Amino acid sequence: MGEIISLSVGKPKDFMWKGKSESSGIGKGKVSVAELTKDGFVGDGVASIEFHGGPERAVCVYSYEHYQQWEKEFNVKLSPPSLGENLCVTGMLEKDVYIGDVYSLGNAVVQVTQGRVPCSKISKFNEIDLFLKRIVETNYTGYFFKVLQEGKVHSEGKLELLDRTQEKVSILYANQIFLHDKKNRAGLKDLLEVDELADVWRQNIEKLLAKTI
């Protein structure tokens, strides 16, 4: 069971980063309750559709446990949702969460689809140049849910595991293969064997396999 530390939503806004204006949905605000639909939380939005958004990436999740490491490593104070996550949770690290896992979330039901592929806006928003690099190196990226059943989510709620479809491909393992070991044919095939894997990852992995023949 996971526990929600913060529930956050927000529409994309324009930010000035090193003299350049960029639009991003990373600057979310905490709320006490939000309606969750198949397309995400009402009141939420994304700017970089290449990495975020869509039914298979409706909810962005990040582990609160990682905040302590980043604060110590960068000697800064970070408070959720500094990484632009909708849900900051405890008890659901990348090594313990598997693609296909089904959770109750309030009276909604969600399913894990893929690891988050982080972008440079994490570094820019937090003004920590090495942040993105370290997130990728550690595979502490967070992950995405799709929504199987719409419902209402409260900030003091919990996530309860309802079903685990497989116990081979965790988010940590998937991230290691997808981000660092793209020539590992056996690993790539492991990911493809998970029916619940997000289509965008499946398509990319199929292309990688075709290149390594």
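The values are calculated or read from the model by the stated rules, or taken from the named source; none is laboratory data. Computed from a predicted model, the values in this text were never measured in an experiment. All Cβ positions, even for glycine, are placed from backbone atoms using ideal geometry, and neighbour counts span all protein chains on display.
Per-structure values
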| item | result |
| --- | --- |
| Residue identified as under 14 Å from the mean Cα position of the chain (by Cα) and surrounded by fewer than 17 Cβ atoms within 10 Å (Cβ to Cβ) among PRO55, PRO81, PRO118 | PRO55 |
| VAL61 being part of a loop (DSSP other than H, G, I, E, B), closer than 24 Å to VAL136 by Cα and not hydroxyl-bearing (Ser, Thr, Tyr) | no |
| From ASP190, ASP181, ASP195, ASP199, residue being out of contact with any helix residue (DSSP H, G or I) (no Cβ under 8 Å at 6 or more places or on another chain) and either on the phi > 0 side of the Ramachandran plot or at pLDDT 95 or above (or both) | ASP195 |
| Test: residue in the stretch 163-181 that is more than 18 Å from VAL102 (Cα to Cα), surrounded by 15 or more Cβ atoms within 10 Å (Cβ to Cβ), in contact (Cβ under 8 Å) with a residue 12 or more places away in the chain and among the β-branched types (Val, Ile, Thr) | yes |
| Entirely in the stretch 88-160, the strands (runs of 3 or more DSSP E) that have 1 or more residues that are free of Cβ contacts under 8 Å to residues at least 12 places away in the same chain and basic (Lys, Arg) | none |
| All positions within the stretch 41-58 that are out of contact with any Lys or Arg (no Cβ under 8 Å at 6 or more places or on another chain) and modelled with pLDDT of 95 or more | PHE41, VAL42 |
| In the stretch 1-34, residue surrounded by the fewest Cβ atoms within 10 Å (Cβ to Cβ) [restricted to those that are in a loop (DSSP other than H, G, I, E, B) and more than 18 Å from the chain's Cα centre (by Cα)] | GLY19 |
| Selection from the stretch 119-154 of residues that are within 21 Å of VAL200 (Cα to Cα) and in contact with a Gly (Cβ under 7 Å, 6 or more places away or on another chain) | THR141, TYR143 |
| Contacts under 6 angstrom Cβ, first residue in the stretch 200-213 being within 13 Å of GLY187 (Cβ to Cβ), partner among the hydrophobic types (A, V, I, L, M, F, W, C) and at pLDDT 95 or above, 6 or more apart | ILE205/LEU188; ILE205/LEU191; ILE205/LEU192; LEU208/LEU188; LEU209/LEU188 |
| Hits in the stretch 84-115 (condition: surrounded by fewer than 18 Cβ atoms within 10 Å (Cβ to Cβ) and under 12 Å from the mean Cα position of the chain (by Cα)) | LEU93 |
| Residue match in the stretch 126-138 (condition: farther than 24 Å from SER23 by Cα, surrounded by 13 or more Cβ atoms within 10 Å (Cβ to Cβ) and either under 19 Å from the mean Cα position of the chain (by Cα) or at pLDDT below 95 (or both)) | yes |
